[in-house]
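A.B. asks: One structure coming up, written as structure tokens, with questions to follow.
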Amino acid sequence: MAVNANSSLFKRLVQQGLINATAATELLGRRGGQYKSLPEFLVQEKLISSRELSEQAAALTHHARFDLSFFDLNSIPKELRNEKLVRKHQIMPLSRAGRSLHLAVADPTNIAPIEDFEFNTGLHAELVVVEYDQLKQLIDKVFDSGMDTGDGDWDLSALSTEEDDDEDDAAVQPDKDDQPIIAFINKMLLDAIRKGASDLHFEPYEKMYRIRFRIDGILHEVASPPIALANRLSARLKVMSRLDIAEKRVPQDGRIKLKISGKKSIDFRVSTLPTIWGEKVVMRILDSDSAMLGIDILGYEEAQKKLYMDALAQPQGMILVTGPTGSGKTVSLYTGLNILNTEGCNISTAEDPVEINLPGINQVQVNPRAGLTFPSALKAFLRQDPDVIMVGEIRDLETAEIAIKAAQTGHLVLSTLHTNSAPETLTRLLNMGVPAYNVASSVSLIIAQRLARRLCGHCKAEEKLPQAELLQQGFSEEQISAGITLFKPVGCDHCTNGYKGRVGVYEVMPVSPSMAETIMEGGTSLDIAQQAQREGVNNLRQSGLIKAAAGLTSLAEINRVTKG
């Protein structure tokens, strides 16, 4: 399909004085076959706005205009999601009514694609004119997020856990009366994936039931089904997770594997909790793709990245990643493990739970009730000729002592702690009872981190602040004199409240000889922090301000995540 510069739509735009025919034709000639359609060419070359183009197309053909901003893509019939046809013609089927097919088009004068749809579906096309930008965004949402298989369908019947191959499927077959509940939960799971949520919360209260998604670190209410359905919703989630549906008095943990296609599946970690009004269920989406991110994507400054890479290249020592729950510690650790994961390296991990499967790495799920604890797993690792050991979390003195012993005897050890900053991590180990000389000699690098919401590139707006306010927020006079441009969130169709995605904010602190001396002398976390500042280590606040000055996030967001 090629751009038709002789179409009636093109001629109308010229007649209306909206585009220059000669300039447009010359530009099209230089671009060659780069563009598939006239709307794509006109809008991307900024010869006309997407909105104005749709208005002219509708006026020319007398078709209705339709705003896709609030269109629910879940209403698109699955049997009509033919990615090959949609991408080829840049036309999207929206709905079906009997033998009529409602098609969203940006150029209703281009008849050939419409006839192709009619031929392939056997339906009569009813056209609605839409803005090209909105149409392209809808197509990308449907097909680019991994939602659709080759035929544009979801395999919703294949919801299962990893034990499915070993279990009797008849044990979890639902009754016909449960079909509405099943359909509703399936929709919630798929909506969460589409919206990029990290967690789903199913919450019963006395007179209401609430479902919330955590998107970019913030919870948003997405549904409020009748409270009468609370028990049926929790029961269905427990069945899918292979949990005991009769047990409602104690917390339970399980997993769900959602098979999207023969090649793609997504895992959910499920936790139930008895509350006074019923069972709350929280599901975490385990995104294996995030573990495969390169270190350049995570948001480290160049100097910070070099410190991390240098520590990973050492044959021994301990790298600790710290921060609250949901701060991205797991992704930082897995990124490091991926860098180390080579044929010549023996890597073993002890995790609770194992969230992401990494081929080539020996991952152990701790099970305290069976006697498989972090310390016992570490002791076993040391008898397995390891090069790299990863401990999911150092929670007690025994785990800390074994990990430090491993770091001192020729092994590289990675682990996490829950502290607020890098200096506090060292004092936490000391408070656990680890001798100061062991801490000073074994820990090589500490990474404290937070995740800040990333500003949407489509709608962020410049924010003007007086110099006194910038100084109060923590910007240096050197930064201010060099010029700082800050941005604030606005909100548009491409984002959630002005933000889309997240960026890491890091404090990367190597344990230098001077810092080791401070530790040996009994220095507090404040003493260690002052020494780090003297050595040029940016703390979390300073790193966050750099991200704000770079336009990646807002000052308000940095204030939120660094408690500034």
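The values are calculated or read from the model by the stated rules, or taken from the named source; none is laboratory data. All values derive from a computational prediction rather than experimental measurement. In this analysis, Cβ positions are derived from the backbone assuming ideal geometry, glycine residues included, and neighbour counts consider all displayed protein chains. Areas reflect the complete protein model, heavy atoms only, side chains present, ligands, DNA and RNA absent. Shrake-Rupley method; radii C 1.70, N 1.55, O 1.52, S 1.80 Å.
A.B. asks: Identify all residues within the stretch 475-524 that are at pLDDT below 90, of a type in the set (A, V, I, L, M, F, W, C) and part of a helix (DSSP H, G or I); write none if there are none.
C.D. replies: I480, A482
A.B. asks: When you scan the stretch 88-115, how many residues do you find that are open to solvent by 40 Å² or more (accessible area, probe 1.4 Å), over 23 Å from K11 (Cβ atoms), of a type outside the set (G, A, S) and free of Cβ contacts under 8 Å to residues at least 60 places away in the same chain?
C.D. replies: 3
A.B. asks: Look at the stretch 9-65 and say how many of its residues are surrounded by 13 or more Cβ atoms within 10 Å (Cβ to Cβ) and closer than 23 Å to A104 by Cα.
C.D. replies: 33
A.B. asks: Right, next: Could you count how many residues in the stretch 212-250 are of a type in the set (S, T, Y) and over 23 Å from the mean Cα position of the chain (by Cα)?
C.D. replies: Quick first cut of the stretch 212-250, residues of a type in the set (S, T, Y) only: 224, 234, 241.
Imposing the further condition that a residue be over 23 Å from the mean Cα position of the chain (by Cα) reduces the set to 224, 234.
Matching residues across the stretch 212-250 total 2.
A.B. asks: If you go through the stretch 51-90, how many residues are of a type in the set (D, E), part of a helix (DSSP H, G or I) and closer than 18 Å to Q137 by Cα?
C.D. replies: Selection size over the stretch 51-90: 2.
A.B. asks: While we're looking at this one, here's another question. Give T399, T416 a once-over and let me know the one that is surrounded by 17 or more Cβ atoms within 10 Å (Cβ to Cβ), at pLDDT 90 or above and in a helix (DSSP H, G or I).
C.D. replies: On the way: T416 fails: in a helix (DSSP H, G or I).
Matching residue, one of T399, T416: T399.
A.B. asks: Oh, and also: Within the stretch 440-450, does at least one residue satisfy the condition of being among the hydrophobic types (A, V, I, L, M, F, W, C), open to solvent by less than 50 Å² (accessible area, probe 1.4 Å) and more than 28 Å from C345 (Cα to Cα)?
C.D. replies: So far as the stretch 440-450 goes, no, none of its residues is among the hydrophobic types (A, V, I, L, M, F, W, C), open to solvent by less than 50 Å² (accessible area, probe 1.4 Å) and more than 28 Å from C345 (Cα to Cα).
A.B. asks: Can I ask one more? Do we have V364 as part of a loop (DSSP other than H, G, I, E, B) and either hydrophobic (A, V, I, L, M, F, W, C) or touching an Asp or Glu at 6+ places or on another chain (Cβ under 7 Å) (or both) here?
C.D. replies: no
Results for (1) aromatic (F, W, Y); (2) open to solvent by 10 Å² or more (accessible area, probe 1.4 Å), shown as yes or no for each residue.
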position	(1), (2)
I319	no, no
P324	no, yes
I347	no, no
I361	no, yes
S376	no, yes
F381	yes, yes
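A.B. asks: Check off (1) under 22 Å from the mean Cα position of the chain (by Cα); (2) open to solvent by less than 20 Å² (accessible area, probe 1.4 Å); (3) not polar (S, T, N, Q) for K500 and give me the number that stays unchecked.
C.D. replies: (2)
A.B. asks: Starting from residues that are in a helix (DSSP H, G or I) and open to solvent by 60 Å² or more (accessible area, probe 1.4 Å), keep the ones in the stretch 543-564 and report whichever is farthest from L307 (Cα to Cα).
C.D. replies: Filtering first and then ranking leaves A556.
A.B. asks: Among the residues of the stretch 345-361, count how many are assigned to a loop (DSSP other than H, G, I, E, B), closer than 17 Å to G254 by Cα and of a type outside the set (A, V, I, L, M, F, W, C).
C.D. replies: 4
A.B. asks: Which residues, counting only those in the stretch 123-145, are open to solvent by 20 Å² or more (accessible area, probe 1.4 Å), over 17 Å from K84 (Cβ atoms) and not polar (S, T, N, Q)?
C.D. replies: Across the stretch 123-145, the qualifying residues are H124, E126, L127, V128, E131, D133, K141.
A.B. asks: Here is a follow-up. In the stretch 455-472, which residue that is under 17 Å from A550 (Cβ atoms) and not in a strand (DSSP E or B) is nearest to the chain's Cα centre (by Cα)?
C.D. replies: C456
A.B. asks: Continuing with this model, one more query. Condition check: open to solvent by 30 Å² or more (accessible area, probe 1.4 Å) and either assigned to a loop (DSSP other than H, G, I, E, B) or in contact with a Pro (Cβ under 7 Å, 6 or more places away or on another chain) (or both). Does E221 satisfy that?
C.D. replies: Criteria not met by E221.
A.B. asks: Condition first: exposed (fewer than 13 other Cβ atoms within 10 Å of the Cβ), at pLDDT below 85 and more than 30 Å from L451 (Cβ to Cβ). Can you find one or more residues in the stretch 201-215 that meet it?
C.D. replies: Applying the first criterion (exposed (fewer than 13 other Cβ atoms within 10 Å of the Cβ)) to the stretch 201-215 yields 206-207.
Of the ones still in play, those that are also at pLDDT below 85 are none.
Among the residues of the stretch 201-215, not one is exposed (fewer than 13 other Cβ atoms within 10 Å of the Cβ), at pLDDT below 85 and more than 30 Å from L451 (Cβ to Cβ), which makes the answer no.
A.B. asks: Does the stretch 123-152 hold any residues that are modelled with pLDDT under 80 and more than 25 Å from D493 (Cβ to Cβ), and which are they?
C.D. replies: Once the filter is applied, which keeps residues that are modelled with pLDDT under 80 and more than 25 Å from D493 (Cβ to Cβ), the stretch 123-152 yields T149, G150, D151.
A.B. asks: Further, regarding this structure: Can you name the condition, by its number, that V537 falls short on among (1) open to solvent by less than 50 Å² (accessible area, probe 1.4 Å); (2) within 30 Å of Y437 (Cβ to Cβ); (3) in a helix (DSSP H, G or I); (4) not small (G, A, S)?
C.D. replies: Of everything listed in (1) open to solvent by less than 50 Å² (accessible area, probe 1.4 Å); (2) within 30 Å of Y437 (Cβ to Cβ); (3) in a helix (DSSP H, G or I); (4) not small (G, A, S), V537 misses just condition (3).
A.B. asks: Taking the stretch 368-393, which residues are under 14 Å from N346 (Cα atoms), of a type in the set (D, E) and within 33 Å of the chain's Cα centre (by Cα)?
C.D. replies: Selection gives D387 alone.
A.B. asks: For the stretch 383-395, what are the residues that are open to solvent by less than 80 Å² (accessible area, probe 1.4 Å), farther than 25 Å from P324 by Cβ and assigned to a loop (DSSP other than H, G, I, E, B)?
C.D. replies: P386, D387
A.B. asks: Also, quick follow-up: Identify all residues within the stretch 116-135 that are within 35 Å of the chain's Cα centre (by Cα) and touching a residue at least 60 places away in the same chain (Cβ under 8 Å); write none if there are none. Before you say what the answer is, go through the steps one by one.
C.D. replies: Of all residues in the stretch 116-135, those within 35 Å of the chain's Cα centre (by Cα) come to 117, 128-135.
Once the filter is applied, which keeps residues that are within 35 Å of the chain's Cα centre (by Cα) and touching a residue at least 60 places away in the same chain (Cβ under 8 Å), the stretch 116-135 yields V128, V129, V130, E131, Y132, D133, Q134, L135.
A.B. asks: Further question: Of the residues V250, V172, which is modelled with pLDDT of 85 or more, more than 23 Å from H494 (Cβ to Cβ) and either open to solvent by 20 Å² or more (accessible area, probe 1.4 Å) or touching a strand residue (DSSP E or B) at 6+ places or on another chain (Cβ under 8 Å) (or both)?
C.D. replies: Details: V172 fails: modelled with pLDDT of 85 or more.
After ruling out the rest, the residue left standing is V250.
A.B. asks: May I pose another question? In the stretch 253-265, is there at least one residue being crowded, with 20+ Cβ neighbours inside 10 Å, modelled with pLDDT under 95 and in a helix (DSSP H, G or I)?
C.D. replies: no
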